1. Assigned to a strand (DSSP E or B) and within 14 Å of chain B (Cβ to nearest Cβ) - does that describe any residue in the stretch A:230-237?
2. Is it the case that the stretch A:202-209 has a residue that's modelled with pLDDT under 75 and buried (at least 23 other Cβ atoms within 10 Å of the Cβ)?
3. Given the criterion within 14 Å of chain B (Cβ to nearest Cβ), assigned to a loop (DSSP other than H, G, I, E, B), within 22 Å of residue A:246 (Cα to Cα) and modelled with pLDDT under 90, identify the matching residue among A:360, A:293.
4. Whether any residue in the stretch A:335-347 is assigned to a helix (DSSP H, G or I), at the interface with another protein chain (Cβ under 10 Å from one of its Cβ atoms) and modelled with pLDDT under 95 is what I want to check.
5. Out of (1) modelled with pLDDT of 90 or more; (2) not in a helix (DSSP H, G or I), what's the single condition that is false for residue A:300?
6. Answer yes or no as to whether residue A:330 is over 23 Å from residue A:168 (Cα atoms) and touching a helix residue (DSSP H, G or I) at 6+ places or on another chain (Cβ under 7 Å).
7. Pick from A:408, A:422: which is more than 14 Å from every other protein chain (Cβ to nearest Cβ), modelled with pLDDT under 95 and out of contact with any helix residue (DSSP H, G or I) (no Cβ under 7 Å at 6 or more places or on another chain)?
8. Residues to consider are A:255, A:343, A:260; find the one that is buried (at least 17 other Cβ atoms within 10 Å of the Cβ), assigned by TED's automatic domain parsing to the domain that holds residue A:221, in contact with a helix residue (DSSP H, G or I) (Cβ under 6 Å, 6 or more places away or on another chain) and in contact (Cβ under 8 Å) with a residue 12 or more places away in the chain.
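The values are calculated or read from the model by the stated rules, or taken from the named source; none is laboratory data. As the structure is a prediction and not an experimental result, all values here were calculated from the model. Glycine also receives a Cβ, built like all others from the backbone with ideal geometry; neighbour counts cover every protein chain displayed.
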């Protein structure tokens, strides 16, 4: 045990090590990775003090510069709450922001494990509501009703979180049978039980390397080990702007760990037949939908270019019938463009299978999905251009059902990749 | 007269039979060496194949980014390819040992020079194999990257890159084999120099305005300008 603790202490930033070593134990660790203002940090600390049962809380803040002197002083005098700076490596953050943020997840989880906490919570994004209003929604279920994983449930805007809406969430629902809106957070809460199992898996090399593997394995681990999962409504999330030319890197970075977790938990998800909703805490918050006309021509063009030039690679991954359907779609003009759910689901399942079978280099495989993904986004955007919140939910429900309906196809191909090739 | 003819015939027959008899042990040795090497090759190939399978060689190769080797390996298994190469090498060695058993100066010197050349052949094969794998890998990387950047000439770029790597590998292999070293070096220098020069001319003359605009756009770009794109993927 002492050896393990030494390893975990090493994962803390050097500036934070003396402070963290002075703390012997705590009930809750809250990691603030989002760029919050000093006032917001103060509000978060105040909100955490109102948690029932007066738990001992350690708040790890990603930037010391943001901590106001008043907050630090108040935290120093408060024996129930400690506020510690937890700087993310800036040099790494510039080179690979996703990876460095995820390394911070890992180090915060390690601290939680070392302090023997009952729960660990991460605040990674900015929401339209002040964090003080929703931080307790993530932490409270870990302490009082004793849930093991609290996933965030954001108020959806139609063109946000597309990778999650189009692949991660419906795939997770279909595989593991739990209807979770955001299986990979990024804001989340996990219990000591789940934390211990995840870190044990990580130490044994079962969860793979980086932090993304850790995030992708949270829901599979929780569901397959019969732990309690819930989701909390948090409001609308403010998404950082992204360079659309970098979509391929994003796909490779996110889907790789998702497919890897799928490979590791194959025995578990093959037993799951249907899906069920998870406990949803609090009330959903409404969000305004914009009805702006979007330009999908560029994405359709990417799809058509991929169809023309990537046949050699897609031919190794997709069955002939799917390739034929893709060819038919590529002849459609942007104003008529559509992407049937059944086809999209088969494509994702075939890519997951090719990832498992290592048909081609895994990075090449995931990056070659980009034109298909952009094609799906184009069709989705065209369909929901003027849609309201209810229509968006219905549309995503239809997609999730298509994933569930297509699961026997995945199971058959997974079990008999050579024999079952339509 | 007739006696002299008879004597000459007897002498030539005796000489032929004597030479044949002196060659016979060598011939038998060649056959024995070949049979033994075939047997050894078969056993070693099985052992190598089993060891590689137990090491999950095919999966490891794919992990190292060399998954394309499976595509041109027999039955899609690089382990099988390695075991077959080892078997062929053992049979070739057995053949050379058999030839050396003739014990004539000519065969000995021939075998010696062949053995001296073997490292060059092996080196060339290795260079060519690595070159082929690398060419395919780089070609695919360029193709996928260019398509994802929406470049209309992605395929051309990919094929060009693939063949550049292949030409480089072939030139290196020929240098290893010591075949027309001077010509290969000269031809390769001219080819690569020509490509670089033509690219420089194309950029310098043909696409001057395009490059200027591109550089201006990059230098004048405001830092972290928020995108107007309404889509948020993650």
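1. Within the stretch A:230-237, one or more residues are assigned to a strand (DSSP E or B) and within 14 Å of chain B (Cβ to nearest Cβ).
2. There is at least one residue in the stretch A:202-209 that is modelled with pLDDT under 75 and buried (at least 23 other Cβ atoms within 10 Å of the Cβ).
3. A:360
4. Of all residues in the stretch A:335-347, those assigned to a helix (DSSP H, G or I) come to A:335-336, A:341-347.
Checking which are at the interface with another protein chain (Cβ under 10 Å from one of its Cβ atoms) leaves us with none.
Checked the stretch A:335-347: no residue is assigned to a helix (DSSP H, G or I), at the interface with another protein chain (Cβ under 10 Å from one of its Cβ atoms) and modelled with pLDDT under 95.
5. (2)
6. In short, yes.
7. So the residue among A:408, A:422 that is more than 14 Å from every other protein chain (Cβ to nearest Cβ), modelled with pLDDT under 95 and out of contact with any helix residue (DSSP H, G or I) (no Cβ under 7 Å at 6 or more places or on another chain) is A:408.
8. Details: A:343 fails: assigned by TED's automatic domain parsing to the domain that holds residue A:221; A:260 fails: in contact with a helix residue (DSSP H, G or I) (Cβ under 6 Å, 6 or more places away or on another chain).
Being buried (at least 17 other Cβ atoms within 10 Å of the Cβ), assigned by TED's automatic domain parsing to the domain that holds residue A:221, in contact with a helix residue (DSSP H, G or I) (Cβ under 6 Å, 6 or more places away or on another chain) and in contact (Cβ under 8 Å) with a residue 12 or more places away in the chain holds for just one of A:255, A:343, A:260, which is A:255.
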